[in-house]
Amino acid sequence: MHEDSGPGPTEGFQTIGDKAESVYEIIVREMEDAVFFIDVEQTDDDYTFTFRRNNASHKQLTGLSEDEMRGQTPRELLGDEQGATVEANYRRCVEQREPIQYEETLELPAGTSHWQTRLTPVTEDGQPTQIVGVARDITEQKERRQKLQRLDRQFETVLETMSAAVFLKDTDGQYLLMNQACQELFDVEDRDIVGLTDENLFPPEVAKKVVKDDQRVIQNGEVIELEEEVPTTAGNTVRLTRKSPVYDDNGDITGICGVSTDITEQKQREKTLRSMYEIGSNMDLSFDEKVKRLIEVGREYLNLPYGFFTSIDGQTQKIVHARGSHELLQPGESAPLEESYCRKTIDSDGLVGMENAEQVLGADDPAYDLFNLGCYIGTKVRVGAELYGTFCFAGPEALDRSFTDDEREIVKLLGQWAGYELERSEVETRLRKLHEFAQELLVAENTNAVASLGVEAGNEIFDLRMGACWEYDSAADVLRPLAETARARDIVGDTPTFERNEALVWESFDTGEIQTFADVSAVTDTYNEETPLRSEVHVPLGDRGVMIFSSTEKRAFDGIDRKTMRLLGALVREGLIAADREEQLVERSSALQRQNEDLEEFASLAAHDLRNPLTGAISSLEVAQETHDPEWFERTEQSLWRMNELVDE
């Protein structure tokens, strides 16, 4: 409607002084809310709405000036889509003949904004002629609310997807909230949980303890954390539960929030690790007895009926220890490696777990056909760098779950323990043999005996049946053979003397470093290119020489081998030095013996030769004393001179 068609919305208000501006207009102009006025024109069956004016806040917040708005319909000003929505709200206001309030989002020149809008109809003679709109920009408020709503949804999502059970109770012990995990734990997914109490969920003795714990939180305002056994439909579980007080705005405790985590697997793992440690550290148990007990521990932890410990010899798997009723998985049983589940473990880089062996291997696999195991988990057992066998567990049926990380780790630890124990046992055995060898060296008579003992010790300790020892001849700059094993003579023949740089062994002698060859035939510059030998190790003996141990089979040498060989080399070197000294002492002793014998012979002869002049001198002296004849004194002097001449001779 136009201004001259009736009284405007500001008519009837008192003016201030000489100014025509009414109090109403001043209020509208100074309002922080956006105010706008709309003329309403009624046609036969509809209304036409045109903007008339707006206040300063509306101009600032919308970016629309009064000139831009005046006379424009909502569709003309805001576009068809937005305009239609706005007109619908205006129509609702005039049809209801009462104020309405709503929220809307509008794309305006000043940007997209969220508004809380209140429309009030102005009527004349019962007919709406104008609408007064007051809009408040709630964009920030809306964004904050939306953010909170998003956070609420995110929190609700997190709460519902948590594996931990979360609950909220009031101070009377009635449950107000449970997340999905908590409902599943208490098997109340199909019930209304609000109002339930612990007496509805637990046996009386358990409920009594839970209520007592809750009262500690409520009365003392303390946060408590406790480990408890919670009965469920699936059996008892061990849970770590943390309960905290919930406060209202006044600081009063209004409830309890609890978070309960299932630690059943963790406790089982701790129990298993503790059992493994107690068995492994028991010095009264043999290795075999420890393995048997650890198989039992693994079977119980994995809940699998079969456990077995194997050794691998070439292409054959042998069961060393086993538990369970499977007839082919008993101590002493063996099978071709290609027909065993363990071949998968040996071929892999680490542990192998098959929850469904038929699916993994195939029904026509020879191992599945022979053993018919539905599930299997196994790990390699290594002694140093060499494969010893496997540590495995299995069952007749496929599992409906995956092996957990903890289960895999336990099996891996069992394999590592077995390898360590076997390695430790082997080291102790080798040290004992080295000690026995050192005792034998003490009675070795010469360097040949020391060398022979050395090559035989290497044969026994390293299971290398071909061994030989060379002594360095510094004058000729060659390595001369001292001793060799019978097997070496049978395979190689006469042990050669090595001229300078005509054999690989010189590198060990010159550098003082042990050299190992898994396959010496693959090495260039060998002494004999057609050698039947394959694996070989060169052990330097300082400046005394070198030993070589060989086999016709390929073999890798690990750190234990090298350390033991180094000790053996040091013992042989010291033995050779001691034998040399002993030989020198024997030679010196023989020389002294010969000298003593010569002296004794000389003394006997000298005594005989000296006795005659001495007897003559004594007789002449006696006559001279009686007769005082100078001639007898001269004879005495002549006898003494004769003795002097004999001594000089």
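The values are calculated or read from the model by the stated rules, or taken from the named source; none is laboratory data. Just so it is clear, the model here is predicted, and its values are computed rather than measured. Cβ coordinates were reconstructed from backbone atoms using ideal geometry, including for glycine residues, and neighbour counts include every protein chain displayed. SASA here: full protein model, heavy atoms, side chains in, ligands and nucleic acids out. Shrake-Rupley method; radii C 1.70, N 1.55, O 1.52, S 1.80 Å.
Conditions tested, residue by residue: (1) in contact with a Pro (Cβ under 8 Å, 6 or more places away or on another chain); (2) surrounded by 21 or more Cβ atoms within 10 Å (Cβ to Cβ); (3) in a loop (DSSP other than H, G, I, E, B); (4) in contact (Cβ under 8 Å) with a residue 24 or more places away in the chain.
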{"position": "GLU278", "(1), (2), (3), (4)": "no, no, no, no"}
{"position": "ASN282", "(1), (2), (3), (4)": "no, no, yes, no"}
{"position": "GLU289", "(1), (2), (3), (4)": "no, no, no, no"}
{"position": "ARG299", "(1), (2), (3), (4)": "yes, no, no, yes"}
{"position": "LEU304", "(1), (2), (3), (4)": "no, yes, yes, yes"}
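Regarding LEU77, is this residue closer than 30 Å to ARG144 by Cα, in contact with a helix residue (DSSP H, G or I) (Cβ under 8 Å, 6 or more places away or on another chain) and assigned to a helix (DSSP H, G or I)? Spell out how you get there, then give the answer.
On the way: closer than 30 Å to ARG144 by Cα: yes; in contact with a helix residue (DSSP H, G or I) (Cβ under 8 Å, 6 or more places away or on another chain): yes; assigned to a helix (DSSP H, G or I): yes.
Spelling it out, LEU77 is indeed closer than 30 Å to ARG144 by Cα, in contact with a helix residue (DSSP H, G or I) (Cβ under 8 Å, 6 or more places away or on another chain) and assigned to a helix (DSSP H, G or I).
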So GLU407 clears everything in (1) assigned to a loop (DSSP other than H, G, I, E, B); (2) within 30 Å of ASN282 (Cβ to Cβ) except one condition, right? Which one? (1)
Cross-chain or 6+ apart pairs with Cβ under 9 Å, the stretch 33-50 first and over 24 Å from TRP115 (Cα atoms), then among the basic types (Lys, Arg) and surrounded by 13 or more Cβ atoms within 10 Å (Cβ to Cβ): ASP46/ARG91
Looking at GLU355 and the list (1) more than 21 Å from the chain's Cα centre (by Cα); (2) modelled with pLDDT under 95, which single condition is not satisfied? (2)
When you check ARG465 against the structure, is it buried (at least 16 other Cβ atoms within 10 Å of the Cβ), charged (D, E, K, R) and in contact (Cβ under 8 Å) with a residue 60 or more places away in the chain, yes or no? yes
Within the stretch 94-109, is even one residue among the hydroxyl-bearing types (Ser, Thr, Tyr) and open to solvent by 50 Å² or more (accessible area, probe 1.4 Å)? yes
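To keep it simple, each residue is scored yes or no on (1) surrounded by fewer than 17 Cβ atoms within 10 Å (Cβ to Cβ); (2) over 35 Å from the mean Cα position of the chain (by Cα); (3) closer than 19 Å to GLU184 by Cα.
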site: GLN219; (1), (2), (3): yes, yes, no
site: GLU228; (1), (2), (3): yes, no, yes
site: THR232; (1), (2), (3): yes, no, yes
site: GLY258; (1), (2), (3): no, no, yes
I need the full set of residues from the stretch 508-543 which are buried (at least 16 other Cβ atoms within 10 Å of the Cβ) and of a type in the set (Asp, Glu), in order please. GLU536
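Of all residues being in a helix (DSSP H, G or I) and in contact (Cβ under 8 Å) with a residue 60 or more places away in the chain in the stretch 165-213, which is most open to solvent (accessible area, probe 1.4 Å)? Just the residue, please.
LEU185
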With respect to LEU576, is the statement that it is touching a Phe, Trp or Tyr at 6+ places or on another chain (Cβ under 6 Å) and surrounded by 18 or more Cβ atoms within 10 Å (Cβ to Cβ) true? no
All positions within the stretch 125-144 that are at negative phi and open to solvent by 70 Å² or more (accessible area, probe 1.4 Å): GLN127, ARG136, GLU140, GLN141, GLU143, ARG144
Strands (runs of 3 or more DSSP E) (entirely within the stretch 307-367) containing at least 3 residues that are closer than 21 Å to GLY415 by Cβ and either open to solvent by 20 Å² or more (accessible area, probe 1.4 Å) or of a type in the set (Ser, Thr, Tyr) (or both): 316-323
